[in-house]
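*Asks:* Structure in structure tokens, see below.
The values are calculated or read from the model by the stated rules, or taken from the named source; none is laboratory data. Worth saying up front: this structure is predicted, and the values here are computed from it rather than measured. Virtual Cβ from ideal backbone geometry, glycine too; neighbours counted across all protein chains shown. Ligands, DNA and RNA are excluded from the accessible area calculation, which covers all protein heavy atoms including side chains. Shrake-Rupley method; radii C 1.70, N 1.55, O 1.52, S 1.80 Å.
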Amino acid sequence: MRSKQVVLAVYILAMGVWLLPGEHAAAADQSQGPAQIALVDAIDSNEPRHTNGGELPGSTLPAPNPALPVQDTVANMDQRLSAVEEWKAKIERLPSLSGKFNVGLNALQFLYSHEDANVNEGKSQDNLSIRRSEMLFYGKINEYIPKWHALYEFQSIGLANNTPGCPAPPNPCNAAPTGTAASATFFRESYIDFRPVPGIAPYLNFIRMGIFRMPFGIFTATSGGLRDVISSPYLNSVGGGTVNRNGSNSTVGKIEFIHERDYFVDVHGTLFNRLDYVFGIMNNNNFEANAVGANGPKVFYYRTRFLATDVSFLSFTMLTGESNNTGTQINGRGKGAFDRYGIDFRYTSRYVPGLMLQGEYWQGHDGANQTSTGIPAQGACLNVVLCGGNAAPGVQRRTWYVLGKYFISSGPLQNWEPVVMYEQFDPNTSMGNDLYTRTILGLNYYFENLPPKIQTKVQFNYEFRHHSGFGPNTTVSSTDAFAQNAFYIQFQVRYQ
């Protein structure tokens, strides 16, 4: 029995001696500093070995450095967990960039422009400018609020003049002073989408409330960062030059046939996966009307869009209501009945990838004393001498355009895109010699092209412009920008 106890004691002692080097090596491994870690890496990569005190005999591992402190692994782990918890607490206080709150650059555009039209002394035919500087904020709250949206234009902060009224008779309107200054609105779009019954979407998809782009047509509904040409079409606005007429202002103002943004409440939905519809009501005085205060006129609108495919469609639009001129930001409209009828289409070819065609045709009526020649107008006065207005019963206007482009996706010209656009605007269909026409030859190059979120590009546009006149027996001057050609280069960054 005693011999067995002796053998057991010797066995335990031998095991203890055998385990001691392993524990020592583990402690040494845990206490490695940067120099020792680099040394082990060098050993693993078969590089020459360098040690801080030599090598252990018969071993490939470096000798431990007794000068380095041994770290407490438990304390180190607690410290790391504490740092992780602190970081997690900070992150949780930030907004979710993938859900409720997102930030994007809607369009940052640097523009060089050259216009052949003569300019006044002190001005230049060549200009550099920031055309757009738009920051976008958007997100989703829940299934009832699928989207909120706010677009801020940092380039447009300044003052704008509203349309003035006319002095009392018999003074003509051209004696009226310039309209009072009003602060331009800092935001361009701010709206909330409300989905009252999520279970029936997309048949009744959402109700949109706020300021946003016109929900009809193509150009008016397209962000400036996604447009294929640099200039806005005559569909939005046109006018310029001078004209001498009895009782008229010598400065010809622009005509805004359809403005891009306004205050809306409308309903959006899709039926049978093929029919999009929108109907609602708007102020009809542009989004800056709040700065002026003339929010009286209202217009009802309706659009039906037939989806031939997911990328091709045909749309019909109707607007009807009333308009005002005095005390608003709208030019080219009078006080009275207002309507617009439009048809638009887009064809994106699947047989010729990269080919896209689109066009729009619009016709509409403006009330009496519409400012077709930039003349301040008020009421329904029929006396041209007193009111300065022309075509007192109102006018019918007509405009249309076609646009084609081809994106080259491969080969030596990859990412280049030629564009051609032709358009006409007739400010008064019952009067001759007043037609505006324009042909745009464009060439785009995309650094990144993932619409609608990303579109970074450079654009080159040359515009062949023509303006017949302001009516029978009238001519245009050399200062009329819409009667002279123009050249533009624009560099854009867009990322959402």
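*Asks:* What is the residue count in region 116-142 for residues that are polar (S, T, N, Q), surrounded by 13 or more Cβ atoms within 10 Å (Cβ to Cβ) and either assigned to a loop (DSSP other than H, G, I, E, B) or free of Cβ contacts under 8 Å to residues at least 12 places away in the same chain (or both)?
*Replies:* Residues that pass the stated criteria total 2.
Results for (1) among the hydroxyl-bearing types (Ser, Thr, Tyr); (2) more than 28 Å from ALA481 (Cβ to Cβ); (3) modelled with pLDDT of 90 or more, shown as yes or no for each residue.
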| position | (1), (2), (3) |
| --- | --- |
| HIS114 | no, no, yes |
| PHE137 | no, yes, yes |
| CYS166 | no, no, no |
| CYS173 | no, no, no |
| ALA182 | no, no, no |
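*Asks:* Right, something else. Does ILE145 meet the test of being in a strand (DSSP E or B), hydrophobic (A, V, I, L, M, F, W, C), modelled with pLDDT of 80 or more and surrounded by 15 or more Cβ atoms within 10 Å (Cβ to Cβ)?
*Replies:* no
*Asks:* I want to confirm something. Restricting to region 334-349 and keeping residues that are charged (D, E, K, R) and over 20 Å from VAL402 (Cβ atoms), which single residue is most open to solvent (accessible area, probe 1.4 Å)? Steps first, please.
*Replies:* Just the residues of region 334-349 that are charged (D, E, K, R), to begin with: 335, 339-340, 344, 346.
Still in the list and also over 20 Å from VAL402 (Cβ atoms): 335, 339.
Details: LYS335: 112, ASP339: 30 Å².
Of everything passing the filter in region 334-349, LYS335 is most open to solvent (accessible area, probe 1.4 Å).
*Asks:* For a quick check of your reading of the model, give me the residue pairs whose first member lies in region 430-447 and is closer than 12 Å to THR399 by Cβ, whose second is open to solvent by less than 50 Å² (accessible area, probe 1.4 Å) and among the aliphatic types (A, V, I, L, M), with beta-carbon atoms closer than 7 Å and at least 6 apart or on different chains.
*Replies:* That search, which allows pairs on different chains as well, returns TYR436/VAL238.
*Asks:* If you don't mind, another one. For the list (1) among the aromatic types (Phe, Trp, Tyr); (2) part of a loop (DSSP other than H, G, I, E, B); (3) at pLDDT 90 or above, I need the number of the one condition that TYR277 fails.
*Replies:* For TYR277, the exception is condition (2).
*Asks:* List, please: which pairs have Cβ atoms under 8 Å, are six or more places apart or on different chains, and start with a residue in region 193-213 that is over 17 Å from THR270 (Cβ atoms) and at pLDDT below 95 and end with one that is basic (Lys, Arg) and open to solvent by 40 Å² or more (accessible area, probe 1.4 Å)?
*Replies:* ILE211/ARG188
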